[in-house]
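What follows is a single structure, written as structure tokens, with notes after it.
Each value in this text was obtained by applying a stated rule to the coordinates, not by laboratory testing. Predicted, not measured: the structure shown is a model, and the values here were computed from it. Cβ: placed from backbone, ideal geometry, glycine included. Neighbour counts: every protein chain shown.
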Amino acid sequence: MSKMLLVTVGGSPEPVLHTVRNHNPDEVIFIPSVKPTLRPSLDQVIGEGIPCRHELPNGVVEIRKNLVVQLGLQERFDPDRHLIGIPDPDNLGDCYRRIRSACRNLQESGGRHHLIGDYTGGTKTMSTALVMACVELDAELSLVTGPRDNLSKVTNQSEGTRAIDIGPLRAVRVLQERLPELLAVHAYDQAALSIGILRTSLGESLPPWAADAADQLLESLNIMDTWERFRWNDALVRAKRTTLATCFPELIEWWERVWVSRSWLKTSSIDIGVATGYELVQDLLLNADRKGSRGLYDDAVARIYRALELLGQSYVQFELGITENSTWNRGQCFLKTGEQVPTGSLKELYDWLERNDTKNILAPQYLRQRDRLSQLRHARNQSLMAHGLIPVRRAQWLSFQDGVEQLVDAVLHSPGFSQGPPPQQLPGTALLQLPESQVLLGMAG
């Protein structure tokens, strides 16, 4: 792997000479100011004659040849490759784009390169641009240290070069650039992977308080992903031990209602006022909406289909009443009157409800949308997640999602039903407001 040193060039040649001799790179990339800048530092790099002024410790000024000559780079120096000219050294955007583009070209030029950026010389803007590019490209940063007799330059009494820890900057970059994109579409698994990789790669370079914050955020992301995978009670128990409980109390209350609903479906019991019993149906629709927002339309429709089926099963169980020994296995579900409830398919269940809905709530609502839902059910059956080979289109997902949500809403707002608090979608970018996220975001402050 070749070592490539990028150096910003300012008014003093000493930091450049010192960092090159200290790092002993295979190639040196100079970043000087060029015309129309007044007194461009490019002259120090390749200027004719003796353009470099060296201030000695005794105050004497020596005039020497350019940096390429002093460093013995004449035979290897290629201005097209080894110069990044900066025409406006005070324009941060332009400086950054030029340096970043040149670094990208170097990385893609073949072979493996270890980039080091030394930002001691040049204007503050040039130095800032080099730091930004190095952080983005995961390059190493270096700084020449030594006594200063003013605030503009390091003297030729340079004491050494110092590696700069950019771990915190990388952490902030991940949070500010990568995480919002992932959280906006509820991609908790990928967000957790990003934090996990960051945590592992930086290791002990992260301060203990930052490492703790990263671990806490990672746990919150894993809890969200656990809920996504239908491990409701596991996610609920873990969430109560984190800042999620204090920052998102409505979400935790909703999760409790969903878990109660799940328990009722298993025991056939119901406690009016604690939940409606239909929370699991509603949460499954929220899950489908998250999948659809990521473009996973087949996954979304599979969940909506199950939500429609679960709506019918829950209605039969809670409103019409089934025997204690009934299950939804084929041929094993019976009303308390002794009548058998079909369990073979969704169509059979809703056809049966049209004839046997003594409460006259779900069946009439379903009939109003039967043609629409039948078309969408057919699209689901032809999908890759069911029995066919045709991917679900976005328009089909949106129509199916809207239709089933309207059906559930109509049932729960019928006389005799108490909706309770509204369903709570999992937080997306709001997770960046967690205390642990704020700690990490403040690392660059």
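Multiplying the sequence separation of R178 and R64 by 0.36 nm and subtracting their Cα-Cα distance, what value in nm do you get?
36.3 nm
I'd like the FRET efficiency for R393 and D351, computed as 1/(1 + (r/R0)^6) with the beta carbon distance as r and R0 of 25 Å, rounded to 0.05.
According to the calculation, E is roughly 0.40.
With +1 on each Lys and Arg Cβ and -1 on each Asp and Glu Cβ, and nothing else charged, work out how big the dipole of the range 257-423 is about its Cα centre, in Debye to the nearest 20.
That gives a dipole near 440 debye.
Helix 279-293 sits at what angle to the longest principal axis of the chain, using alpha carbons and giving 0 to 90 degrees rounded to 10?
With rounding to tens, the tilt is 40 degrees.
Most exposed first by the Cβ proxy, i.e. fewest other Cβ within 10 Å, how do E204, E219 rank?
With the sparsest Cβ surroundings first, the list reads E204, E219.
Counting only helical runs of four or more DSSP H residues, what would the 222 nm mean residue ellipticity of the chain come to if each run contributes -39,500 (n - 2.57) and the total is spread over all its residues?
When only DSSP H runs of four or more count, the value is -15000 deg cm²/dmol.
Contact order normalised by length for the chain, with contacts defined as Cα pairs under 8 Å and 6 or more residues apart; what percent is it?
About 13 percent, as a whole number.
Go through (1) 0.99; (2) 1.08; (3) 1.22 and flag the label whose value is the computed Rg/Rh (Cα atoms, Kirkwood Rh) for this structure.
(3)
Counting alpha carbon pairs within less than 8 Å and at least 6 residues apart, what relative contact order, in whole percent, applies to the range 257-423?
Averaging sequence separation for qualifying contacts and normalising by length gives 24 percent for the range 257-423.
Between 0 and 90 degrees, rounded to the nearest ten: what's the tilt of helix 297-315 against the longest Cα principal axis of the chain?
30 degrees
Could you give the length gained by full extension between A211 and E339, i.e. 0.36 nm per residue of separation minus their alpha carbon distance, to one decimal place?
40.0 nm
Please tell me the relative contact order of the range 1-146 in percent, rounded to the nearest whole number, where contacts are Cα pairs under 8 Å and at least six residues apart.
30 percent
With the crude spin-label approximation of a point 7 Å out along Cα→Cβ, what separation in nm comes out for T323 versus Q107?
Between T323 and Q107, the simple spin-label model gives 6.8 nm.
Taking other Cβ within 10 Å of each residue's Cβ, how do V301, V34 sort, fewest first?
The fewest-first ordering by Cβ neighbours comes to V34, V301.
K3: which lysines have alpha carbons under 27 Å from its alpha carbon, excluding same-chain residues fewer than 8 sequence positions away?
Output for K3: K65, K124, K153.
As I understand it, the value is the acute angle between the Cα axis of helix 14-23 and the longest principal axis of the Cα atoms of the chain; what does it come to in degrees, rounded to 10?
Helix 14-23 and the main axis of the chain meet at about 60 degrees.
Calculate the length of the line joining the C-alpha centroid of the range 27-71 to that of the range 76-113, in whole Å.
19 Å
Modelling each spin label as a point 7 Å along the Cα-to-Cβ direction, I'd like the L193/D371 distance in nm, to one decimal.
Modelled inter-label distance: 4.5 nm.
What FRET efficiency do you get for E140 and T246 if R0 is 51 Å and r is their Cβ-Cβ distance, rounded to the nearest 0.05?
Rounded to the nearest 0.05, the efficiency is 0.80.
If you rank H113, H18 by fewest surrounding Cβ atoms within 10 Å, what's the result?
The order, fewest Cβ neighbours first, is H113, H18.
Quick check for me: using +1 on Lys/Arg Cβ and -1 on Asp/Glu Cβ, what's the dipole size of the chain about its Cα centre, in debye to the nearest 20?
580 debye
From the Cα gyration tensor of the range 2-164, with a ≥ b ≥ c the square roots of its eigenvalues, which class applies: rounded if a/c is under 1.5, or else prolate if a/b is larger than b/c, or else oblate?
rounded
For the chain, give the share of DSSP beta bridges that are antiparallel, in percent and rounded to the nearest 5; count only bridges with both residues there.
Taking every DSSP beta bridge within the chain, about 40 percent pair in antiparallel fashion.
Could you check the spin-label model distance between H413 and D80? Points 7 Å from the Cα along Cα→Cβ, value in nm.
With each label point 7 Å from Cα toward Cβ, the separation is 6.9 nm.
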